[in-house]
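Structure first, commentary second.
Values in this text are rule-based calculations from the coordinates and carry no lab data. Please read these numbers as outputs of a predicted model, since none were measured by experiment. Every residue, glycine as well, gets a Cβ built from its backbone with ideal geometry; the counts of neighbours run over all protein chains shown.
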Amino acid sequence: MAAALALIVGGGASPVFALDQVWARGVFPIRDFHGFTSHYGPRRLNGVPGMHRGIDIAAPSGATVQSWWSGVVVDVIDDGLCGIGLVIRSGAYQHIYCHLQGQTASGVYRFAGGAVRRGQRLRRGQWIGRVGLTGRTTGPHLHWGIRHNGQWLDPARILRAMARGRRQGHARVQPLG
Ligand SMILES: [Zn+2]
């Protein structure tokens with residue numbers, strides 16, 4: 001775990017304690033947490049082996065989705081798999097949110113209560129959408145994925161580091177992006 005996190009931030013020289021305090025600044029992407037329905041890793045879908053490149057977070061339809069970190073919206077997705085989704089870049093990280101509720105047009109995602117456009121700068125914890133049923137999903141949930149320099153990570157590792165960092169208390173450290 002420690003080695004994996006060191007790898008995530010790219011250096012490896014920083015003590016894990018300090019790393020966890022960096023992660024503590026992250027915001028859980030669903031405001032009202034109900035549990036996880038699917039973990040990161042290999043899985044079979046209709047008998048076909050595949051890879052689940054994120055975690056599924058259970059939430060009622062319409063639940064508030066918030067940005068894990070400050071960053072820039074680099075893509076507004078609307079396809080048959082992710083459904084309506086957002087890709088947000090924070091330094092070397094990209095975080096992805098899928099199956100959102102609302103409409104998209106010309107790089108703008110609109111939901112009841114707000115809108116997010118491609119190129120927009122976001123604050124940490126900013127309200128970026130609502131949980132929905134768009135794309136390939138059988139029930140309302142948030143699919144949340146994280147890439148670092150193009151490589152998918154298990155977001156559960158990040159969430160665990162966030163929890164550890166909160167227990168240790170916040171420190172005056174540089175944000176990641
Ligand atoms: Zn998923």
Requested in this report: Would you mind getting me the FRET efficiency between Ala163 and Val48? Use the beta-carbon distance for r and R0 = 41 Å, nearest 0.05.
Outcome: 0.75
Requested in this report: Mind giving me the nanometre distance, one decimal, between the label points for Arg123 and Arg31, set 7 Å out from Cα along Cα→Cβ?
Outcome: 1.4 nm
**Report entry** Length released on extending from Trp152 to Val72, taking residue separation times 0.36 nm less the Cα-Cα span
**Finding:** 26.9 nm
**Report entry** Percent RCO, i.e. relative contact order, over segment 62-112, from Cα pairs under 8 Å lying at least 6 residues apart
**Finding:** 28 percent
Report summary line: Phe28 neighbourhood, Cβ < 13 Å, K/R = +1, D/E = -1, net charge +4
**Report entry** Loop-resident sites, segment 60-111, for chymotrypsin sites (Phe, Trp or Tyr not before Pro), counting at most 14 other Cβ within 10 Å (DSSP)
**Finding:** none
